[in-house]
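Structure, as structure tokens:
The values are calculated or read from the model by the stated rules, or taken from the named source; none is laboratory data. In this text, all values refer to a predicted model and were calculated from it rather than measured experimentally. Heads up, the Cβs are rebuilt from the backbone with ideal geometry, glycines too, and the neighbour counts pull from every protein chain shown.
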């Protein structure tokens, strides 16, 4: 540790300027920081000391090799107000216990059973669409993935709740910037209307979740869904206890929100990119017809839809739903020879790393060919990490890949989506990377 050095970074001569720059456009701020200072950089916003690491080996150190030196960053610490002590926000032994309890729900056999749900719900959406109709594909994907996660998580039809959930999520997203700001605990005290709005949104989501938990507890029936497994789970490596209703609520809320928000954004960006690259869309369409014919995809088809996986992977490279990971150092730690003092916030950004020309030549170009097996294997781990890494890697990764590929195959076979001219479509970096103001498209049915 004595030989560790401090990485370079910008000097801010005007108080508050870096906070303003970061808040105005965090994607640009972090990208320019990496471009100017290389693999490791530091900066300050108010009292908070930040580090940005942007090399696969350094990212691996943060997320894997030295993960025990960190806890979740500021955003997810503050997200406990909504998610409680769920898998995304919990720490230490409690997190390990909860992951043990939940892991069987995501085993291959269990995930395979959800393929038919994903395909049938995507087909139902396709049947509702009309030739020539104008849609916001981002909103449509949110509704679709909400329905899918409602069925697979709760064995419940939550379509009737979709608008209510959507409004509550929009309210929560609007308040996210407040949660991220330095001194946000003090600011919150003076923003009583915002606090009340947040609490009302959380209460609306809680009412939906607790209603479904109560229905399951009362019936005592295994519905074949994830919630049934959570209610029945016992910690066989520990005290053989299960989860309380509050713990089930926290895990269910986490899966409910994370399980539809991220995949919906990934799908919306995929259709946006395909609309601008007809040659890629045509090749994807050809594969879909060759593999599926006129039937819906099944679990075994997912591995055969190789180009669909490449398209989805490339879309998540350019527009990763989780665009940054924050870790708070709980003790002094050395990362790649650089000293990170206790209390510092370390950032590793999928958005920035995925656009690094050292690993992705012509990084702004949408090119699914990057994901041919030989090219994929030639790149180092953590040059691409849309689902994080280490012991906190997303537990639902296999679920998300399967859902993305199946939905993509069903909808692209039936519909061509043409972009409607609107103001520039931009990514909005909040908890996830949403398209700002949605993505308007005109539907054209394939003949």
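Suppose we filter segment 345-362 for residues that are surrounded by fewer than 21 Cβ atoms within 10 Å (Cβ to Cβ) and in contact with a strand residue (DSSP E or B) (Cβ under 6 Å, 6 or more places away or on another chain); how many remain?
1
Of the numbered conditions (1) crowded, with 20+ Cβ neighbours inside 10 Å; (2) more than 26 Å from residue 384 (Cα to Cα); (3) touching a strand residue (DSSP E or B) at 6+ places or on another chain (Cβ under 6 Å), residue 19 fails exactly one; give the number of that condition.
All conditions pass for residue 19, except number (1).
I'd like the full set of residues that are over 25 Å from residue 443 (Cα atoms) and not in a helix (DSSP H, G or I), limited to segment 93-137.
Of everything in segment 93-137, those that are over 25 Å from residue 443 (Cα atoms) and not in a helix (DSSP H, G or I) turn out to be 107, 113, 114.
Give me a count of the residues in segment 367-391 that are under 20 Å from the mean Cα position of the chain (by Cα) and within 28 Å of residue 37 (Cα to Cα).
Count: 10.
Looking at residue 390 and the list (1) under 23 Å from residue 277 (Cβ atoms); (2) modelled with pLDDT under 95, which single condition is not satisfied?
Result: residue 390 fails condition (1) only.
Among 304, 331, which is the only one that is farther than 21 Å from residue 282 by Cβ, over 24 Å from the mean Cα position of the chain (by Cα) and not in a helix (DSSP H, G or I)?
Answer to the check: 331.
Exactly one condition in (1) at pLDDT 85 or above; (2) at positive phi is not met by residue 155; state its number.
Going through (1) at pLDDT 85 or above; (2) at positive phi one by one, residue 155 breaks only (1).
Yes or no: segment 415-425 includes at least one residue that is assigned to a loop (DSSP other than H, G, I, E, B), surrounded by 13 or more Cβ atoms within 10 Å (Cβ to Cβ) and under 21 Å from the mean Cα position of the chain (by Cα). Outline the logic, then answer.
Applying the first criterion (assigned to a loop (DSSP other than H, G, I, E, B)) to segment 415-425 yields 420-425.
So of that shortlist, the ones also surrounded by 13 or more Cβ atoms within 10 Å (Cβ to Cβ) come out as 420, 425.
Subset that is under 21 Å from the mean Cα position of the chain (by Cα): 425.
Yes, segment 415-425 has at least one match.
Tell me, yes or no, whether segment 382-400 has at least one residue that is crowded, with 17+ Cβ neighbours inside 10 Å, in contact (Cβ under 8 Å) with a residue 12 or more places away in the chain and in a strand (DSSP E or B).
no
Consider residue 342 carefully, then state whether it is in contact with a strand residue (DSSP E or B) (Cβ under 8 Å, 6 or more places away or on another chain) and either at negative phi or in contact (Cβ under 8 Å) with a residue 12 or more places away in the chain (or both).
Against the criterion (in contact with a strand residue (DSSP E or B) (Cβ under 8 Å, 6 or more places away or on another chain) and either at negative phi or in contact (Cβ under 8 Å) with a residue 12 or more places away in the chain (or both)), residue 342 qualifies.
Which residues, taken from segment 276-301, are surrounded by fewer than 21 Cβ atoms within 10 Å (Cβ to Cβ) and not in a helix (DSSP H, G or I)?
276, 277, 293, 294, 295, 296, 298
Output the number of residues of segment 13-51 satisfying the condition of being within 19 Å of residue 318 (Cα to Cα) and touching a helix residue (DSSP H, G or I) at 6+ places or on another chain (Cβ under 7 Å).
Within segment 13-51, the subset within 19 Å of residue 318 (Cα to Cα) is 25-35.
Restricting the remaining residues to those that are touching a helix residue (DSSP H, G or I) at 6+ places or on another chain (Cβ under 7 Å) gives 27, 29-31, 34.
Of the residues in that region, 5 qualify.
If residue 219 passes every condition in (1) in contact with a strand residue (DSSP E or B) (Cβ under 9 Å, 6 or more places away or on another chain); (2) modelled with pLDDT under 95; (3) surrounded by fewer than 19 Cβ atoms within 10 Å (Cβ to Cβ) but one, which one does it miss?
Unmet condition: (1).
Looking at segment 159-172, can you tell me whether even one residue there is at pLDDT 85 or above and part of a helix (DSSP H, G or I)?
no
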